[in-house]
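Everything below concerns the one structure shown next.
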Amino acid sequence: DQLAAVDYRGAKGATLAAAIHKKMGNTTRSIELLQGAQKKFPNNREVLLGLVNAYIDAGDAVGAEKALSDAIAKDPNNEKLHYNSGTIYINLGDQAKKEADAIQDETLKAQKLEETAEAYLKAETALNKALEINPDYVDAQYQLGAHLYNWASQLRDQAAFLKVGDPREAQLSKLTEEKTNASIVALEKYIESAPDDKDILRILWKSYYKKG
């Protein structure tokens, strides 16, 4: 902590001290040190990346989202940052979906499902950006394909619970088809690098079957 206090080698002292606290399991202190360093050195890439990882380790999706946004603004062509952003938005969407499932009021449930969709769309956008930067980014191919497959399954379930004649059914069916097709594209690309991944092969088979 003394290295951070005296700004040893600029922000280096803070990042070293934060890394030590992180290794010791004290993520709260690690975040505090990095937040202090960010105020002094707002454009330091190492500090921004350290904050992102510290928030992720702490399970703070909101904090990680803000830190990632700052880091991406400084390093927009870093595919790992966009990948991490996509993963965080998936987690935020999953949490919103879990909350929606527990709501009885239809209006409030619909609002929470909109929040879910917004997070999932941001995840899709971020993962596509990672692949735009690096088309051969295998982890992003997998994450995007799995995310879209799961999203399509949720949309299909939502449509099944609607009353006959509900105008939302056609919209959900169209969106389900779009996400299923996009999932297939991503997973077909992924399977080129992992031809023995039985779980993904099974998902692809199910997707082909549901498409007819």
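The values are calculated or read from the model by the stated rules, or taken from the named source; none is laboratory data. None of the values given here were measured: they were computed from a predicted structure. Counting neighbours? That spans all protein chains shown, and the Cβs are built from the backbone with ideal geometry, glycine included. The protein model used for the area step is the full one, side chains on, heavy atoms only, and it has no ligands, DNA or RNA in it. Shrake-Rupley method; radii C 1.70, N 1.55, O 1.52, S 1.80 Å.
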Residue check, residue 91 open to solvent by 70 Å² or more (accessible area, probe 1.4 Å) and farther than 28 Å from residue 116 by Cβ: no
Hits in region 151-198 - residues which are hydroxyl-bearing (Ser, Thr, Tyr) and either touching a Gly at 6+ places or on another chain (Cβ under 6 Å) or touching a residue at least 40 places away in the same chain (Cβ under 8 Å) (or both): 183, 190, 193
Give me the pairs, please: first residue somewhere in region 129-141 and under 11 Å from residue 81 (Cβ atoms) and touching a residue at least 40 places away in the same chain (Cβ under 8 Å), second residue anywhere and part of a helix (DSSP H, G or I) and of a type in the set (D, E, K, R), beta-carbon distance under 6 Å, and either six or more positions apart or on two chains. 130/79; 133/79
Which residue, of 162, 148, 108, is farther than 20 Å from residue 193 by Cα and open to solvent by less than 80 Å² (accessible area, probe 1.4 Å)? 162
Would you please list the contacts, defined by Cβ atoms under 6 Å and residues six or more apart or on different chains, that run from a residue in region 73-101 that is touching a residue at least 24 places away in the same chain (Cβ under 8 Å) to a residue that is outside any helix (DSSP H, G or I) and open to solvent by 40 Å² or more (accessible area, probe 1.4 Å)? 79/134
Being modelled with pLDDT under 85 and either more than 19 Å from residue 143 (Cβ to Cβ) or open to solvent by less than 40 Å² (accessible area, probe 1.4 Å) (or both) narrows it down to one of 101, 7, so name that one. 7
Select, from 68, 48, 81, 34, the only residue that is open to solvent by less than 50 Å² (accessible area, probe 1.4 Å), touching a His at 6+ places or on another chain (Cβ under 9 Å) and assigned to a helix (DSSP H, G or I). 68
Scope region 18-31; condition in a helix (DSSP H, G or I) and out of contact with any helix residue (DSSP H, G or I) (no Cβ under 8 Å at 6 or more places or on another chain); matching residues: 20, 23
